[in-house]
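> So that we are looking at the same thing, I have put the structure below in structure tokens.
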Amino acid sequence: MNPRALIARLNRAQRGTPFKIAATIVTAALCIGVFVTLYVLSRDARTVQAATGAAAKATDAGAWFNQGPIGALTLAFHSMIDALRESSGIASVAILWTLVAVVASTFIWLGIGLSALAGLLIGWGVAWPLMLNEHTAWVGRLLAGAIPLSLVFLAGLSLLRAAFAAPRPVFAVARTLLDEAVRMKVSLVFIVLVIFFLAVIPGLLTTDQPLRYRVQQWFQYGTGLTYAVLAFLTLFLATASVAYEQRDRIIWQTMTKPVAPWQYLLGKWVGVMGLNAVLLIVTASGVFLFTEYLRNQPARGEIARNVLENGTVTTGDPSLMTEDRRILETQVLVARVAIMPEPYQPSDSKLDLLTNIAVKARIAENSTVQDTPELRKSIRDELVETFNKRLTDSVEQLMLETKSRDPRVQDTPELRDQFAREVLSDWELQYRTIEPGVPPETYVFQGLGALRNDPNGILTLRFQINAGSNDPSALYRIVFIIRGVPHERQVALKAAQTFPISTDFINDDGSLMISVYNGPGDPSSAPQNRNAITFPPDGLELLYTAGGYELNFLRVFGVIWIKLGFIAAVAIAAASFLSFSVASLVALAFLIMAESAVFLDDSLKNYLQLTNVGGGTNIPNVIISLVATPVAAIFHTYAALNPTGKLVDGLLISWSELASALLTIGGWTLAALGLGLAIFRRRELALYSGQ
Amino acid sequence: MNLSDRAIQFLAAFCVAVALLGSSVLSTELIAEAGKAQLTYTDEAQEGDPPEVALGIAMGAFRGLFVNWLWVRANTLKQDGKFYEAIELSSAITRLQPRFPRVWAFHAWNMAYNISVATNTAAERWEWVKAGIELLRDQGIPRNPNDVLLHKELAWIFVHKIQGWADDAHFYYKRQLAREWTYVLGTPPVRTGVTEENSRAYVEWLRQVAEAPESIDAAVDAELRDAAKDSNAEKGPDGKPVSLVRELLNRLRDEAHLLPNLDLLRLIELRNAVRLSSASARLGMGRNEESRNAVLDSLLDEPRYQAAWQRLLPVVRQRVIIEKYHMEPSRMLDYTRRYGPLDWRHPATHAVYWAVRGVEEGLQRNTVTYFDTLNTDRVVVNAIQELWRTGEIVFDPVTDDYIALTDFNFTDKYNDVLDEVRKRGGFADSDERIYTEYSAGYQNFLRDVIRVYYNRGEIALAEKYHEKLRNFARINLNDDSLMYLLQLPLADFVQEQMKQRVSTPYVAVTEIEGALMEAFTRGLLLRKPDIFRRQLEYARAVRELFIKEQNVRTLVDKDDRMADYVRQDFTTIVSNVFVRLLSGSAVSNSGGGFRLGPNQAADLFERAPLELRQSAYDLLVATTSQRYPDLPEGAIKQLFPEPPGMAEYRVAHASSQAEEERKRKEAVEYEQK
């Protein structure tokens, strides 16, 4: 049989139902079999020992066998055996093999099972020799990574086409857009770029860096670049598709059929978002699996995951872990919530706390005193009254000083409000400022009651101090005293640091009090700090774990998809009445405005002076303010979401945040599409040629 | 196309041609002018250009925007304490702006100062400090070889970050640097008490490396040339001389699996250190598996290869210095000749090297002014002063024992260096100024020298420098307190200086602890009983003077706790400092370096007077067990055997403590009444 006939026969076979059923059963059995075998091997101490040493051996083995895909697979199997020793690892490996089974079955049922397998083998066959030469190794690695990613993307695209097969105008338009996406150079470039980045970045993560940094970089580049490339893909694909169809009069063929304008625009949006969903699933799977792979690598000071150089197993006990592993497991691969200390101005929770303290003090003073709601109310009122009186006195004093300097000043409620704000701001600053050598200042964090009984709970204090002119070579010593236990830290100025705190320190009422002393704990060990230290407004925060990173990871990609939805809507709306170049520019402007809203907001607050030194109005700055302030306000929610940043820092994106993002950004998306529709309906498509 | 279009095209083409011609003529002129005036960033413009520079150029106008964005990101991440991208960002920015020295300086500083402190283990901190050093030394300076700023920054990291004591991990840094350079150059020659002899020995020692053949092939050629002249040389079957260096290299590669690099030097130096260290005999300390190579050991012992090793090792050391450390052995030799016995295990020596190199290279550029060199010269002066204070290093790579003592070889060198840099000082150090930093620095230095010599009992030398200070031509005549001091005879001068120094509690503590450390290390460990006695006396005198001064002070001092520390019983202070030194937790605030390992600690304990051993013993055992919970039982007692008469001492000590307590209570009650 000649090769061509053999290929034709195999092609026919892979399209047949018997083959599909048999291949699916074999695939499922293989995946389950491999998983079970790996699990059994992971229980055998000798295999684990072999797996532990495998990582080191695989990298320095000179054999050609170890440097190609087989070597990579061997290493991956050893990593999986290592991971399966822990419950979290079992879930990851199970997810991995489920994914493999699902993707393989997808290919099989699309009738391209053998073609995909052949593509994979041929691709890896080409990559292998390339990986053996140091000059072409990077091309080989790129190819070896890009081939499975491309295959998964193609499978996803085929599934999506099948999903859009329903005989509805919206789906028909969406399906056409998918075809366009693969055909148009502008979108193909970005699709290739996503796959390229994802395949290349792992090779850039060198083992000479701590493991936690590698994972954070992977999150940053893997997720951040994915979002950036998909944002541009969305923008250009959506504008090109709508604008070119009008310019080239292809739209006539669509709009002369029973397709309403809203169905046309919605179809375009659904198509773009479907493509985004496929690409996000591909990238999210890639990012997740490689993160799990990295997690199973030895951290600094380990010979294998959770095994120290002296052989101690540290699984589940952060106190035994190396610093690198501990930070990775408790600060990066988690979903944490950040809380700030109570402000100087008494809030409800602070008043509760102060009332509690006062009640206890009174009972200690006089045992006949009863803890009643009336007593609590009177103490609370007293506290509020004292604070208000102090504030009123300060405002009065300020008013007198101002009037003595300039008798023309009018005593108005607005001026008093302004003075009150200034006084409060001044007090807040004083509260966050500690002179060297004076008694410690105490800060209170509330709402930690749920963590009190968590034996594995860890709090992380993140702090940053400023002092004097922030001498870059200065090192300050500060002592954090928590329930009488000192934690001394050496700190560079204007650079944030963290340290862990046990949940045992949380008080019965769910509060945590941290006193800060400006100076060395042992005066004979170092000289006193030179200047007063100040915590900037966000310079002291407490972080605690609120869940694992896996679901957070899912929500992060959910937020990215929602954000892409808005960009797609703006691009479609703009292209409904503008040419491609102008529409792209408009959509790009929206994207930049939306992404930089937080930066813009900070810049406006910190640097924009509306008056000149002499007292006159700074007209250019006023104009900037008039334009930039609404932009910053409108897009603040969009920019503040920052899914990649939160993933990198191990911060929680809650379901409520996701829902809120869906509502807010979803609302703008609808508004943008609505605006586009309103314009599009009034357009005379027959006359417009785009020229 | 109509005529007017054609005319416009011709006009445009003409303009392009004129512009191109003008540009090529002018750019040639400009480059020639810049070259003549040495205005270019580097005189090796092509050498340092990595392919990324081409990428940067290809980005055109977007490069600026992209670099700005990277800068903003680097700064924001730094402020937020997020360092995971620090290396990548610095690498990207420096690739795009390799000729902008501030970029290199910023990133090196960020790594060495900000990121290092944010980590909690000494090993991880050192990695960041080293990353900062390597960024400047291995990449920044080679691409900007005559930029003064980069040299100054690198020198400053050595003299301030590593040699300074502000960083909690500074001892670790010092030991790591000492370890690294013990491998690179080997242990330096043993010092004598004569500066000229020491300098000569160091020059000869370094000359072997600096003047070694430039490659292994050259070493083999030299060996064969010498063998051809030597009738006793080993011959091959063909009657031609055999290269034993080549044979040794082949055996190292094939049998020991070693290449001629730093790893080979490491294994050799560790082997030498174990042989010389008494710790291996006493504590059974030796090399771990990673540091042992049986084939290498046998090759080192083989008499046939002794001459080959002598030829090979200097070449390997030279190549490592040039290729890995990007330093020039000939320059190292030159600076050793000029400045004295520089110990390359000392951070200040590296500071001297890079700062002096920066000034020398920078001065070849016409654009460099004295402002550029002034701060770098100050680093040189600072480094020489550090070498005087702590330049004599005793380091054992097996036990990690590290002691840095005053190096009197640099006493006179300080003045020579001042004369050298003063010439470049411009107005900052001109004769027109009454106060100049260099002169003020020299006066303070001489005051320290006099005090140290006097306390060591070297009165004649103290007298010599006292005279020198009195006759110093550039003395600040407007400084009344100095004028008053200079009128005093030597003994009163020292006493008065002590008074001035101990007026602040922190300085008093530093002074007392510094003297005690000197007493224990130089006096006991290096067996100089006179120094031990005198330093102990000095510490006692400082304490008494401080208490006397404090009693007449009325101001509220923030350092009350430190004052309390000094007010403790003197024996208690002495035992506490002794225990801290022995248990490996000593910190010298005076900037010296003491971190004893178990071997030297055991030696020191053995040599201490009985009373001191008795008063320190219980605390020492408790502290050491707490500090090293994994130490096997009996190991502490083996290192520190219980002194005789401990039972009697304990009884006597308890009763004296009770008496003290009674007196204290009485005093409190009296005050309350």
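Computed from the coordinates by the stated procedures, all read-outs in this text should not be read as laboratory data. The structure displayed is predicted, hence computed values, not measured ones. Every residue, glycine as well, gets a Cβ built from its backbone with ideal geometry; the counts of neighbours run over all protein chains shown.
> Under 17 Å Cα-Cα from residue B:464, which lysines qualify once same-chain neighbours fewer than 8 residues away are excluded?
B:413
> Could I ask something else about it? For the pair residue A:412/residue A:424, report the inter-label distance in nm, with labels modelled 7 Å from Cα in the Cβ direction.
Taking the two extended label points, one gets 2.0 nm.
> Also, quick follow-up: Between residue A:132 and residue A:609, what is the label-point separation in nm under the 7 Å Cα-to-beta-carbon projection?
The two pseudo-label positions are separated by 6.9 nm.
> Given a cut-off of 32 Å, what percent of all Cα-Cα pairs of chain A lie beyond it?
Values: 154151 of 238395 pairs.
The calculated P(r) of chain A puts 65 percent of pairs beyond 32 Å.
> Could you derive backbone 3J(HN,Hα) for segment A:507-518 from the dihedral phi with the Karplus parameters 6.51, -1.76 and 1.60 (θ = phi - 60°), listing whole Hz in sequence and x where the residue is Gly or Pro?
6, 4, 7, x, 9, 9, 9, 10, 9, 10, 10, 8
> Over segment B:291-371, what portion of Cα pair distances is larger than 15 Å, expressed as a whole percent? Intermediate values should be presented prior to the final figure.
Working: 2270 of 3240 pairs.
Of all Cα-Cα pairs in segment B:291-371, 70 percent lie more than 15 Å apart.
> Do you know the relative contact order of chain A, to the nearest whole percent, from alpha carbon pairs under 8 angstrom that are 6+ apart?
Relative CO of chain A lands at 14 percent.
> Still on this model: For chain A, compute the number of Lys pairs whose alpha carbons are separated by less than 21 Å, excluding pairs fewer than 8 positions apart on the same chain.
So the count works out to 11.
> Please give the residues of segment B:6-20, grouped as numeric ranges, whose backbone N is less than 14 Å from a label point set 7 Å along the Cα-to-Cβ vector of residue B:26.
Answer for segment B:6-20: B:16-20.
> If you don't mind, there's one more thing I want to ask. Calculated FRET efficiency, residue A:165 and residue A:319, Cβ-Cβ r, R0 60 Å, to nearest 0.05?
0.60
> Taking every alpha carbon pair in segment A:465-532, what does the distance histogram look like in 10 angstrom bins from 0, in percent?
With a bin width of 10 Å, the distribution comes to 19, 46, 27, 8, 0.
> Which FRET efficiency, nearest 0.05, do residue A:257 and residue A:117 yield, Cβ-Cβ r, R0 35 Å?
Calculated transfer efficiency: 0.30.
> Hey, fewest Cβ within 10 Å first, where do A:603, A:158, B:24 land in order?
B:24, A:603, A:158
> Measuring from label point to label point, each 7 Å out along Cα→Cβ, what is the residue B:235 to residue A:485 span in nm?
If labels sit at residue B:235 and residue A:485, their model points lie 8.0 nm apart.
> Taking residue B:548 as the anchor, which lysines have their alpha carbon closer than 29 Å to its alpha carbon, excluding any fewer than eight residues away along the same chain?
Output for residue B:548: B:499, B:558, B:663, B:665, B:673.
> Hey, another quick one. Can you give the extra length, in nm with one decimal, that the chain gains between residue A:640 and residue A:357 once fully stretched, where that is 0.36 nm per residue apart less the Cα-Cα distance?
Numbers: separation 283, 0.36 × 283 = 101.88 nm, distance 3.70 nm.
Answer, rounded to one decimal: 98.2 nm.
> If every alpha-carbon in segment A:379-418 counts as one equal scatterer, what log10 I(q)/I(0) does Debye give at q = 0.25, 0.27, 0.34 1/Å?
For segment A:379-418 at q = 0.25, 0.27, 0.34 Å⁻¹, log10 I(q)/I(0) is -0.80, -0.87, -1.09.
> Please give the charge dipole size of the protein assembly as shown, origin at the Cα centre, charges +1 on K and R Cβ atoms and -1 on D and E Cβ atoms. Round to the nearest 20 debye.
4060
> Take the Cα gyration tensor of segment A:171-291, multiply each eigenvalue by 5, square-root it, and list the three semi-axes largest first, rounded to whole angstrom.
37, 12, 9
> Taking all pairs of different Cα atoms in segment A:86-200, averaging 1/r and flipping that mean, what Kirkwood radius in angstroms comes out?
16.2
> Fully extended, how many nm does the chain gain between residue A:675 and residue A:77 (0.36 nm per residue separation, minus their Cα-Cα distance)? Show your work: numbers first, answer last.
On the way: separation 598, 0.36 × 598 = 215.28 nm, distance 5.33 nm.
Gain on stretching residue A:675 to residue A:77: 209.9 nm.
> Calculate the FRET efficiency for residue B:477 and residue A:626 from the Cβ-Cβ distance with a Förster distance of 51 Å, rounded to the nearest 0.05.
On the way: r = 64 Å, r/R0 = 1.26.
That pair, residue B:477 with residue A:626, gives E of 0.20.
> What do you get for the angle between helix A:69-83 and the principal long axis of chain A? Use alpha-carbon atoms, 0 to 90 degrees, nearest ten.
40
> Just check segment A:373-470 against the gyration tensor rule for me: Cα atoms, a ≥ b ≥ c as the square roots of the eigenvalues, rounded for a/c under 1.5, and otherwise prolate or oblate depending on whether a/b exceeds b/c.
oblate
> How long, wide and thick is segment A:93-159, going by the Cα atoms along their three principal axes, in whole angstroms, largest first?
Here the spans come out as 39, 26, 17 Å, largest first.
> Moving on. For the residues A:395, B:380, what sequence is obtained by ranking on other C-beta atoms within 10 Å, fewest first? Present the calculation step by step, with values, prior to reporting the outcome.
Values: A:395 20, B:380 27.
Fewest-to-most Cβ neighbours within 10 Å comes out as A:395, B:380.
> Please order B:204, B:134 by the number of other Cβ within 10 Å, starting at the fewest.
By the 10 Å Cβ count, ascending, the order reads B:204, B:134.
> Next up: Classify segment A:453-570 as rounded, prolate or oblate from the Cα gyration tensor: take a ≥ b ≥ c as the square roots of its eigenvalues, call it rounded if a/c is under 1.5, otherwise prolate when a/b beats b/c and oblate if not.
Here segment A:453-570 falls in the oblate category.
> Starting from the Kirkwood radius over alpha-carbon pairs of segment A:551-663, derive D by Stokes-Einstein at 4 °C in a medium of 1.567 mPa s and give it in µm² s⁻¹.
Estimated diffusion coefficient is 81 µm²/s.
> Next question, about the same structure. Taking amide H atoms as placed 1.01 Å from N in the peptide plane, list the residues 5 or more away in sequence, or in a different chain, whose amide H sits under 5 Å from that of residue A:458.
A:545
> Take every Cα-Cα pair in the protein assembly as shown and report what % of them are more than 52 Å apart. Could you put the intermediate results ahead of the total?
Numbers: 396853 of 929566 pairs.
Roughly 43 percent, rounded to a whole number.
> Could I ask something else about it? Based on the alpha-carbon gyration tensor of segment A:405-453 and its eigenvalue square roots a ≥ b ≥ c, which shape applies: rounded if a/c is under 1.5, prolate if not and a/b is larger than b/c, or oblate?
Oblate, because a/c is 1.5 or more while a/b does not exceed b/c.
> Considering the options A:502, A:26, A:2, tell which one lies farthest towards the positive end of the dipole of chain A, charges being +1 on Lys and Arg and -1 on Asp and Glu at the Cβ, about the Cα centre.
Checking the options against the dipole of chain A, the answer is A:2.
> Which residue, chosen from A:81, A:527, A:112, occupies the Cα position most advanced towards the positive end of the dipole of chain A, where the dipole is computed from +1 (Lys, Arg) and -1 (Asp, Glu) charges on Cβ about the Cα centre?
The one lying farthest along the dipole's positive direction is A:112.
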